[in-house]
1. Going through the stretch 332-354 one residue at a time, which ones are buried (at least 16 other Cβ atoms within 10 Å of the Cβ), of a type outside the set (A, V, I, L, M) and within 9 Å of the chain's Cα centre (by Cα)?
2. Return yes when Ala530 is modelled with pLDDT under 75, of a type outside the set (Lys, Arg) and under 30 Å from Glu304 (Cα atoms) and no when it is not.
3. Filter the stretch 231-278 down to the residues that are of a type in the set (D, E, K, R), assigned to a loop (DSSP other than H, G, I, E, B), under 14 Å from the mean Cα position of the chain (by Cα) and within 16 Å of Arg418 (Cβ to Cβ) and list them by number.
4. Name the strands (runs of 3 or more DSSP E) wholly inside the stretch 158-208 in which the number of residues that are more than 24 Å from the chain's Cα centre (by Cα) and under 14 Å from Arg275 (Cβ atoms) is 1 or more.
5. (1) surrounded by fewer than 12 Cβ atoms within 10 Å (Cβ to Cβ); (2) free of Cβ contacts under 8 Å to residues at least 12 places away in the same chain; (3) farther than 27 Å from Val366 by Cβ: which one isn't true of Asp215, the others all being true?
6. Any idea which of (1) modelled with pLDDT of 65 or more; (2) assigned to a strand (DSSP E or B) is the one Leu413 doesn't satisfy?
7. Quick check on this structure: which one of Ile326, Ile348, Ile367 is of a type outside the set (Gly, Ala, Ser) and out of contact with any Leu (no Cβ under 8 Å at 6 or more places or on another chain)?
Amino acid sequence: MSALRPIYNLDKISRANPATPIIFVEGEKCADALSELGYLTTTTIGGSNASKKADLSPLTERNVVLWPDNDKPGLSYVRSVGDSLLSQRNGTLRCIPISPVTIRNVYVGANPVTYGKGWDAADAICEGWNVTDIDRLIALATPYATLPEISRKPEPVNFDAMELWHTSGREAYATLNIGGHFENWPISSTAFRDFLSYHHFRAEGKMLPQSALDDKRRTLIGEALFAGEEHKVFNRIGEQGRNIYLDLGGNDWKAVAIDAAGWQVIDRPPVRFQRSRSMDALPTPIPDTGDVELLRPFLNVANETDFKMLIAWLLGCFHPRGPYPILILTGEQGSAKSTTARVLRSLIDPANPMGRSSPQTEQDLVIAAKHNHVLAFDNLSNIKSAIADALCRISTGGGFGTRKLHTDSEEVLFDATRPCSLNGIPDLASRPDLADRSIIVTLPVICNTARQTEAEFWKAFNKAAPQILAGLLDAVSVAIGGIGSVRLPEAPRMADFAKWVTAAEPALGWTHGAFMESYAANRQSVEDAAIEGNPFAEAILTLITDRGPWNGTATELLQTLRAHNQLMADDPHSLPRQANKLTSELRRVQPLLRSRGLTVTFERQGKTGSRVICIK
């Protein structure tokens with residue numbers, strides 16, 4: 001025993017109450033950082049490779065909590081120490097399941113999704129962690145022998161028992177039982193290829209040749225397409241009958257099952273979810289603690305109507321089919337548009353990154369929709385016409401098709417509906433068709449005395465998020481049970497969305513009809529913003545206001561508008577150059593003009609059947 005080295009802080013451990021927990025970390029810096037906060041800590045002396053040379057006997061009867069660094073060497077170190085303690089002790093041995101998801105559920109620093117390799121206790125304290133945060137993390141520690149995150153080898157995978165199946169779009173999938181839970185993998189994906197290659201190496205001790213790997217994948221794809229069953233695949237939100245399922249996005253693939261009677265977290269949902277690399281984990285909701293009002297301090301809104309609209313949009317995102325209104329957050333610099341969008345997405349479909357730049361092509365939009373439930377685009381300065389049309393289709397339902405990569409004629413089809421959120425300083429809903437599908441919320445500027453640091457804000461939000469999500473799930477459950485009895489006085493645009501949120505009103509504490517009242521007010525403000533942002537619609541309104549009803553051909557209307565609006569005459573973006581383009585634009589702004597009491601008709605007059613536009 002004389003050849004073994006004493007553990008760090010042995011003198012303090014000897015003097016301490018035997019019931020005091022001992023935090024076992026890697027490195028003296030971590031031990032000292034925790035000691036300064038009052039914790040009893042230890043480590044081995046001489047680095048991570050010195051664990052086998054340490055005398056661990058003083059810990060035999062003690063309550064020990066292992067805190068691994070966030071990397072593979074850290075897990076190996078903890079395994080070496082843990083195995084030694086487990087074989088010679090009668091005390092309590094637990095280990096903290098360190099992972100980015102675990103850390104984020106306890107504390108969020110300035111960047112709530114980035115915890116690099118090697119992150120440790122000293123890093124936590126440097127980021128601002130206090131005793132409360134650390135106690136919350138320690139409370140997550142599980143018995144050492146049952147901790148899967150630090151096993152020496154990956155969980156065994158039985159490839160012979162995997163289920164092969166395909167979607168209606170002829171995409172091949174494999175369902176694997178990994179460590180007691182089930183995962184769904186697209187067989188053609190790079191991730192599945194790497195998965196196959198890695199497990200072949202673990203089993204055989206050598207790499208599978210590329211040609212053999214490709215042959216294996218092609219065989220599996222063939223079996224999935226022609227011998228496997230057809231199933232629907234879902235991204236974050238799924239449905240089966242009247243039940244809705246929410247993928248929590250964690251490593252255990254648990255989900256929330258929601259029906260008219262309530263909701264619960266389940267180990268294996270009956271629907272099949274797919275995961276993308278960008279998907280992040282949701283906070284674990286806490287039953288019987290739901291409170292949507294806890295979200296209020298984290299949303300920078302000007303009035304109660306806007307708050308209700310943001311809650312309504314969130315609830316709409318939980319509908320498995322849509323249609324979904326497009327949320328547009330606008331406001332000047334310093335109004336927390338990006339932060340507000342990030343808060344909302346954190347409660348339904350967190351991802352890394354939370355917000356993307358504007359898609360340049362329709363294909364970019366389709367790819368994002370294939371891998372995300374919520375499409376969030378950040379800091380936009382404008383929206384191209386083609387992208388605006390694509391956003392309209394994807395929010396209310398529509399198909400997309402494109403040529404398959406590396407082929408001449410094969411087509412890839414995508415047919416899905418997705419919630420979208422956009423934010424930017426300028427008016428992003430100048431196109432009437434986009435505005436007609438949108439909820440627009442203008443955020444006020446935050447005064448300097450009301451601002452918080454990123455760390456303070458996200459720490460508080462992260463603490464409240466499980467209860468907020470639980471409150472939203474309560475509302476979804478009520479909506480499922482009550483939607484069949486909802487009768488709207490009139491069917492607005494996005495009537496399915498309006499009916500869904502109205503059905504959830506009792507769970508939110510809203511009076512009957514409160515949502516429709518707020519929705520009508522928001523629709524009015526959207527129409528006002530759309531007209532103000534559309535010079536052509538304003539020009540028509542001004543013309544009829546000044547001159548009364550107007551009849552004539554498209555060419556005559558174009559000439560009249562040019563004469564009546566000299567500044568617009570030279571701007572092709574404000575006033576079309578050709579008569580046929582003017583007719584198309586006039587049809588596009590008809591809903592806006594109708595909301596202001598103007599009717600536009602297209603008639604045939606005279607023996608020649610000339611096309612005449614009548615505005616009155």
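The values are calculated or read from the model by the stated rules, or taken from the named source; none is laboratory data. Remember, predicted model here, so these are calculated numbers, not experimental data. Reconstructed Cβ throughout: ideal geometry from the backbone, glycine too, with neighbour counts over all protein chains shown.
1. Within the stretch 332-354, Arg342, Arg345, Ser346, Asp349, Pro350 qualify.
2. Considered against the rule, which asks whether it is modelled with pLDDT under 75, of a type outside the set (Lys, Arg) and under 30 Å from Glu304 (Cα atoms), Ala530 comes out as yes.
3. If we filter the stretch 231-278 for residues that are of a type in the set (D, E, K, R), which is where we start, we get 232, 236, 239, 242, 247, 252, 254, 259, 267-268, 272, 275, 277.
Still in the running and assigned to a loop (DSSP other than H, G, I, E, B): 232, 236, 242, 252, 254, 267-268, 275, 277.
Filter again for under 14 Å from the mean Cα position of the chain (by Cα), leaving 236, 275, 277.
Residue satisfying the conditions is Arg236 alone.
4. Once the strands (runs of 3 or more DSSP E) in the stretch 158-208 are filtered for at least 1 residues that are more than 24 Å from the chain's Cα centre (by Cα) and under 14 Å from Arg275 (Cβ atoms), what remains is 172-178.
5. The failed condition is (1).
6. (1)
7. Ile367
Matching residues to (1) in contact (Cβ under 8 Å) with a residue 40 or more places away in the chain; (2) assigned to a helix (DSSP H, G or I); (3) surrounded by fewer than 22 Cβ atoms within 10 Å (Cβ to Cβ); (4) among the acidic types (Asp, Glu):
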residue: Ile468; (1), (2), (3), (4): yes, yes, no, no
residue: Gly484; (1), (2), (3), (4): no, yes, yes, no
residue: Leu488; (1), (2), (3), (4): no, no, yes, no
residue: Asp496; (1), (2), (3), (4): yes, yes, yes, yes
residue: Tyr519; (1), (2), (3), (4): yes, yes, no, no
residue: Glu527; (1), (2), (3), (4): yes, yes, yes, yes
